Amino acid sequence: AMAPEEYRQGRPASHRELFGFHTKDYIQAFERAQFRGGVEDSDRRRYQLGTLENPYFPGFFDTASLATGSGVLAAEAVLEGVTAFSPAGGMHHAAPGQARGFCYFNDPVLAIQRLRRAGLRVLYWDMDAHHGDGVEAAFAEDPDTLTVSLHMDTDYAYPYQGGRLTDWPGLAVNLPLPKEVNDSEYALAFAALWPRLLQHFDPDVVVLQAGTDILAPDPLSKFRVSNGLFWQVVRQIVAESPRLLVLGGGGYHPIALARCWTGLWAILTGRSLPAELPATGQTLLKAVEWELDDADAPGYGQQFLALQDTPRPGPVRAELRERLDFLLHHHPLFANRSSAA
């Protein structure tokens, strides 16, 4: 159980905070839709509200505002000297005047803005399987904010543009990873980029978007990463960040997400993970309504018995080595400073 000092009650974002990134007409249309109980056709087309991608549901403005304000609150906690985790956040696709990719408000942008107003130099590291396009665009002109995204290739994955190896808006670093990327490959990519960027950019604070859709079971990902490798990456980020804000993100397999973020929380709070889940934990996971898994598939029941996945190592393909080599020799942050991976 969490101790009272380990959590804070979230709060909605103020209009002033929302106006720091989002347009007034978008916010008004969003509020109007909630008040009326649905989205008008003209607003749906203009703002992408009420679509299959960004559906209407009762209270959807209040829900998005609470998640966003909680991210800003978490940033303020970081300014007080603590490491903070806002699991409802990480909505990295939202644009100033449109909802995009299940993201209504861009809480990472607002959280980073709060840190920047305090004069901090920010390294934003995006683990989500989808390119963090909204955050990248927001800070493309800010030399004191570096956005880094390791993601599925946008030639076949959302947002279907940007995020390519040669896309460097501002100082952004983008690494599209090959399909079926395994633990060994992801570990190599992280080891090649993280220490160099930490040294070259020298941030005051790291903002980690901890989307779990890189995990093998996720239905919207083409990756094959285990949560053990996810935790390995997080442990190093926690150990080496000068200050740290962790946000949630994409994750479309609720059982995989719950198992992964339980481990993430344990890392952030210094707790140990049990080799086997207690009966209460197993009961909670089995109660999750989820019908996309094949109950007859090998290993299906293991996800209810333990938190950690079976490791997924594999060969490191030349394709990935070539992409890393290109970045380390051509990106402005690395050129003339690094050698090949």
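Quick note: the coordinates plus some simple rules give every number you see, no bench work behind them. This structure is a prediction, so every number in the text was calculated from the model and none was measured. Methodologically, a virtual Cβ is constructed for each residue, glycine included, from the backbone with ideal geometry; neighbour enumeration extends over all protein chains shown.
Laid out as a table, the results:
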| read-out | value |
| --- | --- |
| Rg in Å to one decimal, and Dmax rounded to a whole Å, for the range 227-290 via C-alpha atoms | 13.0, 39 |
| Binned Cα-Cα distance frequencies in the range 188-242 - 5 Å width, integer % | 4, 17, 25, 24, 15, 10, 4, 0 |
| Choice from GLU40, GLU17, GLU185 showing the highest fluctuation, given a GNM over the chain with Cα pairs closer than 10 Å | GLU40 |
| Estimated inter-spin distance, GLU289 and ARG164, nm [label 7 Å along Cα→Cβ] | 4.3 |
| Percent RCO, i.e. relative contact order, over the chain, from Cα pairs under 8 Å lying at least 6 residues apart | 15 |
| Whole-number percent relative contact order across the range 113-213, with pairs defined as alpha carbons under 8 Å at least 6 apart | 37 |
| Candidates ASN54, ASN174, ASN227: whichever shows maximal mean-square fluctuation once the chain is modelled as a Gaussian network with Cα springs under 10 Å | ASN54 |
| Separation of alpha-carbon centers, the range 229-259 and the range 77-122, rounded to whole Å | 15 |
| Packing-based order for 274-286, 27-39, 101-113, using average beta carbon neighbours within 10 Å, highest first | 101-113, 27-39, 274-286 |
| Radius of gyration, Dmax [the range 147-301; alpha carbons; angstrom] | 16.7, 50 |
| Options ALA138, TRP125, GLN113, ranked by Cα towards positive dipole end of the range 110-152, top entry (Cβ charges) | GLN113 |
| Reach of LYS179 by Cα under 22 Å, taken over lysines that are not fewer than 8 positions away in the same chain | LYS222 |
| The range 164-284, relative contact order in percent, only Cα pairs under 8 angstrom and at least six apart counted | 24 |
| Ordering of 208-214, 20-26 by burial proxy (mean other Cβ atoms within 10 Å per residue, highest first) | 208-214, 20-26 |
| Convex hull (Cα only) mean projected area of the chain, reported in nm² to one decimal | 17.4 |
| Dipole moment magnitude, nearest 20 debye, the chain about Cα centre, only Lys, Arg, Asp, Glu C-beta charged | 520 |
| Charged-residue dipole, Cβ positions (Lys, Arg, Asp, Glu), the range 23-63 about Cα centre, Debye nearest 20 | 80 |
